[in-house]
Each structure stands twice: as structure tokens, then as C-alpha cells.
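This report refers to the structure that appears directly beneath it.
The values are calculated or read from the model by the stated rules, or taken from the named source; none is laboratory data. Worth saying up front: this structure is predicted, and the values here are computed from it rather than measured. Cβ coordinates were reconstructed from backbone atoms using ideal geometry, including for glycine residues, and neighbour counts include every protein chain displayed.
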Amino acid sequence: MKCVASLLVLVLTGLVGGPALSQANDRTVSSAQVAPPEASPAQPSPGQIAAAMDLLDANGSMTNVATMLDSLAPIQAAEIRREHPDIDAETLGVLQKAVRTDIVARQDEFKRLIATVYARHFSEDDLRSLAAFYRSDVGRKYIERMPVLIKEVTPVGALWAEGVAAEAIRKVLNQMNVSSQHT
């Protein structure tokens with residue numbers, strides 16, 4: 001499930017994570033809990049956060065959450081089945097619907113988290129310029145095509161990442177086998 005969350009955040013920048021399903025924990029992350037990178041200012045100004053929120057409105061990031069979740073549904077189902085091999089189709093559907101519903105319902109919370117991160121990396125003027133770009137003709141064209149791009153890129157990215165991960169695991173295991181044979 002961590003793969004699903006990572007893909008969601010990458011395309012939007014998670015909230016869907018294996019521990020959230022398997023442990024049924026009830027954690028909430030606030031913008032104050034998102035630790036700033038060491039090179040970034042500790043706390044963005046309210047103006048920066050407002051400008052970042054406007055940017056997220058302008059670029060349509062939050063409107064793509066449902067599209068992204070729909071694209072990730074087969075990957076999410078496979079991961080749930082890996083974690084819970086005895087799960088029946090009805091329960092799987094209920095779990096997926098619950099996760100999707102909760103994520104969509106909490107988009108404003110996620111939006112503020114994303115805005116806080118953006119505000120740490122861009123000045124208020126930069127954020128306003130980016131929002132203006134997304135409101136331009138070419139920016140609107142980009143936004144208009146984003147749902148199709150997400151649907152096409154998500155499975156490609158997931159397959160690519162899966163292949164790279166499998167290759168890396170094979171390499172490490174082979175190196176470990178070679179090392180253990182020489183000791």
C-alpha cells in the first residue's frame with residue numbers, strides 16, 4: 001500500500017498506506033507535523049500558504065485526487081490481496097471504497113499539507129506567478145489533459161517501479177549469496 005500512497009503523492013505533488021489498512025490506526029497529520037527540510041525556512045508565512053492554496057486551486061491538483069485513486073485501484077487491490085490473501089472480493093471492495101471515500105472527504109486537509117510544503121520552497125510572488133501560469137491558455141490546456149496523463153502514466157510508472165525494485169532485490173540477493181559463499 002505504500003507504493004499506492006507514494007504514487008498518489010508524486011502525481012499530486014498519500015494518504016493511502018498499508019499501515020492505515022492493516023493496523024486500522026486513526027492517525028491524522030497536520031501541517032505543523034510536516035517537518036521542513038533543513039535548508040527550508042521553518043515556518044512559511046500565512047501569505048505564502050494562502051498563495052500556495054491558490055496555486056493548488058489554479059493547477060487543479062485536488063480535482064485529480066479521485067482520478068488518481070481510480071487509476072490506482074487495481075494496484076491497491078493487488079497490494080491488499082498480498083497483505084490479506086484470504087480476503088474475499090466483497091470485503092476488498094468495501095475496503096477500497098472506504099479508503100477512497102475517506103481520502104476524498106479529507107482533501108482539504110491534504111491540500112493544506114501540500115500547500116505548506118510548497119510554501120516552504122517558493123516565495124509568495126513565485127507561488128502567485130505559478131498560479132497565473134496555470135490560469136493562462138497553456139496552463140489550462142495542461143490542466144485539461146492532466147486526468148488523461150494520470151491514467152496513462154500511473155500504470156506505466158507502477159510497472160516501471162516494480163521492475164526496478166525486483167531487479168534491485170535480485171542484485172542484492174545475488175551479492176549476498178556470493179558473499180556468503182566466500183565466507
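Checking each residue in region 153-170 for being more than 19 Å from residue 76 (Cβ to Cβ) and among the β-branched types (Val, Ile, Thr) picks out 164, 169. Note on region 42-56: residues that are modelled with pLDDT of 95 or more, among the hydrophobic types (A, V, I, L, M, F, W, C) and either surrounded by fewer than 20 Cβ atoms within 10 Å (Cβ to Cβ) or not in a helix (DSSP H, G or I) (or both) amount to 1.
Per-residue answers, yes or no, for (1) under 23 Å from the mean Cα position of the chain (by Cα); (2) more than 30 Å from residue 71 (Cα to Cα); (3) surrounded by 14 or more Cβ atoms within 10 Å (Cβ to Cβ):
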position	(1), (2), (3)
131	yes, no, yes
146	yes, no, yes
153	yes, no, yes
159	yes, no, no
166	yes, no, no
169	no, no, no
174	no, yes, no
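Residue under question is residue 179, and the condition is that it be modelled with pLDDT of 95 or more and of a type in the set (Gly, Ala, Ser); does it hold? So residue 179 fails the test.
Considering region 57-87, and only residues there that are over 17 Å from the mean Cα position of the chain (by Cα) and surrounded by 17 or more Cβ atoms within 10 Å (Cβ to Cβ), the residue that is modelled with the lowest pLDDT turns out to be 80.
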